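Beneath this line is the structure, given in structure tokens, with notes to follow.
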Amino acid sequence: MSDVTAASSTIERARALFAAEQLPFPPLPERFAAALREESPHLYVTRSLEAGPYNLEIYSLEIQQEPAVPDYAVVGFDGHGINSWAVHYYLVEGALALFIQLPWGGAYVDADEGRRTVTAAFAWADKLQADVQRARQQGLIPEGWRLLVVASQFAAAGWAWVPPAPNDPEAVAWHDEAGLRRAVDSALADLFAGRAKLPPTDKDDGR
């Protein structure tokens, strides 16, 4: 990882960190960009972390157990050893809980291939944010529900609709089929087309 110290503001240092690796900066909403703080020279967050983001399962399970966890963002690099390193982009905002963890910085990672993979993932994440926001505005995602998406090559990848009440993670309908992005896009397309519907909460149902 490159050492970035010249930039003045926190968001500038975060952007410089990605630029030094010749990677695009993840699509971070302005309110999170303004709230970033430096957790380490290679990691920027808007919340306290129980463990490094390399331990992705901790944060995925948190959403399943406590769906109302406050919004937050994590961007940067974390890992261990000579090859278990990854770029991380976690965004929990409103109806979306997105966790992207892709290989970067390890001894055996092909940099060009890695850049293409990260660039494509961030571009998809940008579209996903817009689609989820639109679905929520149209009332297709009821208050309190979250679309949980885990895109990782180190942890169990998949997605699920997480209802607002605290849950036993085993009770959440987890989808781990191949073609994660296609599957998530299809699930949202089903909402927009009326082929699928999430149950309303008491608040949405007027009770």
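The values are calculated or read from the model by the stated rules, or taken from the named source; none is laboratory data. All values derive from a computational prediction rather than experimental measurement. Glycine gets a Cβ as well: all are built from the backbone with ideal geometry, and neighbour counts include every protein chain shown.
When region 55-81 is filtered for residues that are surrounded by fewer than 19 Cβ atoms within 10 Å (Cβ to Cβ) and hydroxyl-bearing (Ser, Thr, Tyr), only TYR72 remains.
Residue count for region 78-121, restricted to those that are within 19 Å of ALA51 (Cβ to Cβ) and hydroxyl-bearing (Ser, Thr, Tyr): 3. Exactly one residue out of VAL184, VAL150, VAL118 is at pLDDT 95 or above, surrounded by 19 or more Cβ atoms within 10 Å (Cβ to Cβ), in contact with a Gly (Cβ under 7 Å, 6 or more places away or on another chain) and not hydroxyl-bearing (Ser, Thr, Tyr): that is VAL150.
Among the residues examined, PRO24 does not qualify as surrounded by fewer than 18 Cβ atoms within 10 Å (Cβ to Cβ), over 17 Å from ARG115 (Cβ atoms) and not hydroxyl-bearing (Ser, Thr, Tyr).
If the requirement is being hydrophobic (A, V, I, L, M, F, W, C) and within 18 Å of PRO70 (Cα to Cα), which of these qualifies: VAL172, VAL118, VAL109, VAL149?
Of the residues listed, the single one that is hydrophobic (A, V, I, L, M, F, W, C) and within 18 Å of PRO70 (Cα to Cα) is VAL149.
Look at GLY79 and say whether it is small (Gly, Ala, Ser), farther than 23 Å from ALA135 by Cβ and at pLDDT 95 or above.
Judged against the criteria, GLY79 is not a match.
Residues of region 21-46 that are within 19 Å of ALA121 (Cα to Cα) and over 15 Å from the mean Cα position of the chain (by Cα): GLU21, GLN22, LEU23, PRO24.
The lone criterion from (1) touching a Ser or Thr at 6+ places or on another chain (Cβ under 8 Å); (2) surrounded by fewer than 16 Cβ atoms within 10 Å (Cβ to Cβ) left unmet by PHE99 is number (2).
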